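Down below is the structure, laid out as structure tokens.
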Amino acid sequence: MAAPAALDRRVLLTRTLTLTAAILAAGLGFVVFLQFGASDGFDAFDVLRALLIFASTFWLAWGAFTALAGLTTRPPAVPRDAGPLQGMTAILVPVYNEDPVATFARIAAMDASLRATGQRDRFHFAILSDTRNEEVAASERIWFLRLLADTHGEGRIFYRRRTNNKGRKAGNIEDFIKRSGAAYTFAIILDADSLMEGDTMVEMVRRMQAAPDLGLLQTLPTVIRARSRFGRIMQFAGAFYSPIFARGLAMMQGRTGPFWGHNAIVRVQAFAQSCGLPELAGRPPFGGHILSHDYVEAALLARAGWTVRVDDDLSGSYEEAPENIIDHAKRDRRWCQGNLQHSRLLMAPGLKAWSRFVFLQGILAYIAPVFWLAFLAASIAAPLFSPPIDYFPIEYWPFPVIPVSQVSKALLLAVGVGGLLFLPKLLILLDAALRGRTRGFGGAIRTLQSTLTELLFSSITAPVFLMFQTRSVLQVLRGADGGWPAQTRGDGTLSFRDAWAASHWIVTTGGIVLAFAQWLSPQLVPWLLPVALPMVLAPVLISWSSRPSRTTLFTTPAERQAPPVMALHDRVLTRWGADLDQRDAA
Amino acid sequence: MMEVAKPEQFDLDHLAEELGKLPNAPLAMPVQDLEYRPQRGGLWAALRLTRVRKAGH
């Protein structure tokens, strides 16, 4: 096990190297673009575009070098306590207008999985309902009784519904801690769609017991149960790339790790002492309740001296994800508002420097696409402001001076940006092939095909996401509050009509971009096609990708062999589904 | 029909509420300070001086 000081040095070294490399890559992009832009005369537009390239490239490079950090480091050994479990652990399941059958069946499955560990008595489940829909709430009560009967869970499984939703999910957890927190040493915080192996939960408690300064331990949830084309591609990307990115992140964050809001365990006393969230002064979207509370809670724990850690080696932690681009964009809209709200907290008193940097990263994640769009707009408009080429710059010299073509510089920039986007994923593929990790994804050849297709799909859909993210940022800046919609789960197939209704403005924008480019800078049109064409085809892409996937590509280990807790969940669903059918027939 | 269903529904709700009751073990969760308040030193203090009414003689 690495000593804390040695670990801190490694973390500092990884941070310094990653930051330096990202700044150097962004600086290179800046200089190359300035040379390219200055070829036909130098003006303010060139500086503006070069600055936008700097900011955008920095963000891409940061992601790429995080992956490199993940590829070149191994998880440090962490302490674990092999003795008996101490105290009680509450497993919190906040629900908000979710389908009670699917959610409570997950609890039944996790309960059975815990029973198999022999440690079930050390765990309680608490279903924390914030459901506003009375019909869903009535259904929750009925299915809660069914859950109790099925698991003999009386006194171990609790259900309470709040009469108001103060503080949303963070307020829901806070309400539990204020009522019942003193009864528990640890709390595992889940989402309604979370699923976790009993062994994993026991292991999390053991790791918390072994490190008294550990305030929060985050697992890396694997996406499961995706059925659509979009869902399965995202599921593959999550299962194949995310462990490496998370490894890099863990190396960089050290003791100031992340909290992603679910599939994590907290030390209840630490959480209660440090994480009472205030309501920010002013109105939403920047004031009011803190939306992305998880990042803030991680920062507050670190401020109070607690360690926050992500252990990427912990398996058996699962979640579900949106099945189509529109649901993904809706979720992203909430995250966008939450992350931009963190701009209010950048200067919050006493936070660790790294926590402030994490807030800044979260903001950049949503601002960077706006930089790319601003860069494209500035590039299209640039010819309007550039002076005409002077072929006779030298007085009395009879021969024209033809400006040297700088296309090579533009190509260099394009290759560089492409490299930052694609190289980390290709290196992850190489690493997986060398370590035999591709076996779980259908073998080396199948994984290669899946990776290349995923790269193609993510490149084609990137402009569509860029537009949704830009709109989200503009909405938040305009003061529009996105509210708190329940996540749509289950079958997410979208008709072309639905897709058109949600994305016709992207088609119009793509058409306008191409028309302006053709009018002002026709030489730009071929460069713009990879961006503008997917925009024009947005409804087709959205509808097509929401349909059920039948390909053998994008196989993941959980698809090849259902994890035990997932099989248990299936069994409960089948049993409860049969009961429902019988009741309907009667 | 409704008259029969209503008490049943009530019983179920009541039962769910009774059986679902969380342990009563309160724990304080103090609200944390997150708002940034710039220090009003130097120039602000100097400006405040100008607003102080003169005592006169």
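All of the numbers you see were taken from the coordinates with simple rules; none came from a lab. These figures come from a predicted structure and were not determined experimentally. So basically every Cβ, Gly included, is an ideal-geometry build from the backbone, and we count neighbours across all protein chains shown.
With an a/c value of 1.5 or above and a/b not larger than b/c for the gyration tensor axes a ≥ b ≥ c computed over the alpha-carbon atoms, the stretch A:302-357 is described as oblate. Taking only the Cα atoms of chain A, the radius of gyration and Dmax are 25.9, 101 Å.
Under a 5 Å amide H cut-off, with hydrogens placed 1.01 Å from N, A:Val95 pairs with A:Leu128, A:Ser129, A:Asp130 among residues at least 5 apart or on other chains. Working from label points 7 Å from Cα in the Cα-to-Cβ sense, the A:Asp579 to A:Arg478 distance is 4.8 nm. Between 0 and 90 degrees, the angle of helix A:100-117 with respect to the longest Cα principal axis of chain A falls at about 70 degrees. Taking the number of Cβ atoms within 10 Å of each Cβ as an exposure proxy, the fewest-first ranking of A:Leu351, A:Leu114 is A:Leu351, A:Leu114.
Put simply, when A:290-297, A:449-456 are sorted by average Cβ atoms within 10 angstrom per residue, most first, you get A:290-297, A:449-456. Using the Cβ-Cβ distance between A:Leu360 and A:Ile23 with R0 set to 22 Å, the FRET efficiency from 1/(1 + (r/R0)^6) comes to roughly 0.95.
Between helix A:168-180 and chain A there is an angle of about 30 degrees, using the helix long axis and the longest principal axis of the Cα atoms. Considering the zone a paramagnetic label at A:Asp213 would reach in this model (a point 7 Å from Cα along the Cα-to-Cβ line), which residues of the stretch A:268-282 have amide N under 20 Å from it? Zone members listed by number: A:268-275.
The calculated FRET efficiency for A:Leu520 paired with A:Ala462, based on their beta-carbon distance and R0 = 35 Å, is about 0.90. For A:Gly276, the residues 5 or more places off, or on other chains, whose built amide H falls under 5 Å of its own are B:Gln32. With a 10 Å cut-off around each Cβ of B:11-22, the average count of Cβ atoms from other chains is 6. Over the stretch A:186-323, the reciprocal of the mean inverse Cα-Cα separation, the Kirkwood hydrodynamic radius, stands at 15.9 Å. Close amide H pairs (under 5 Å, H built 1.01 Å from N) link A:Gly288 with A:Leu280, A:Ala281, A:Gly282, residues at least 5 positions away or on another chain. Across peptide A:175-182, the average count of Cβ atoms from other chains found within 10 Å of a residue's Cβ is 5.
Each peptide in A:25-37, A:418-430 receives the mean, over its residues, of other Cβ atoms within 10 Å, and ordering these scores from highest gives A:25-37, A:418-430. As a ratio to 2.2 N^0.38 Å, the alpha-carbon radius of gyration computed for the stretch A:509-586 takes the value 2.07. Shown for the stretch A:246-326 is the translational diffusion coefficient from the Stokes-Einstein equation, using the Kirkwood radius over Cα pairs, a temperature of 4 °C and a viscosity of 1.567 mPa s: 89 µm²/s.
Can you pull the percent of Cα pairs in the stretch A:203-245 with separation above 12 Å? That fraction is 66 percent. Specify whether the C-alpha gyration tensor of the stretch A:154-230 places it in the rounded, prolate or oblate class, a ≥ b ≥ c being the square roots of the eigenvalues: rounded for a/c under 1.5, otherwise prolate if a/b is larger than b/c and oblate if not. Cα axes put the stretch A:154-230 in the oblate bin. Over the Cα atoms of the stretch A:223-265, the radius of gyration divided by the Kirkwood radius equals 1.08; this is the Rg/Rh ratio.
How far, in degrees from 0 to 90, does helix A:4-37 lean away from the longest principal axis of the Cα atoms of chain A, to the nearest 10? Once rounded, one gets 30 degrees. With R₀ fixed at 22 Å, the C-beta to C-beta distance from A:Arg331 to A:Glu279 puts the FRET efficiency at about 0.40.
Taking θ as phi - 60° and the Karplus parameters 6.51, -1.76 and 1.60, the scalar couplings of the stretch A:239-245 work out to 6, 8, 8, 4, x, 6, 4 Hz in sequence order, x denoting glycine and proline.
Backbone phi angles across the stretch A:190-201, fed through the Karplus curve with coefficients 6.51, -1.76 and 1.60 (θ = phi - 60°), yield HN-Hα couplings of 10, 9, 4, 9, 7, 9, 9, 5, x, 4, 5, 5 Hz in residue order; Gly and Pro are listed as x.
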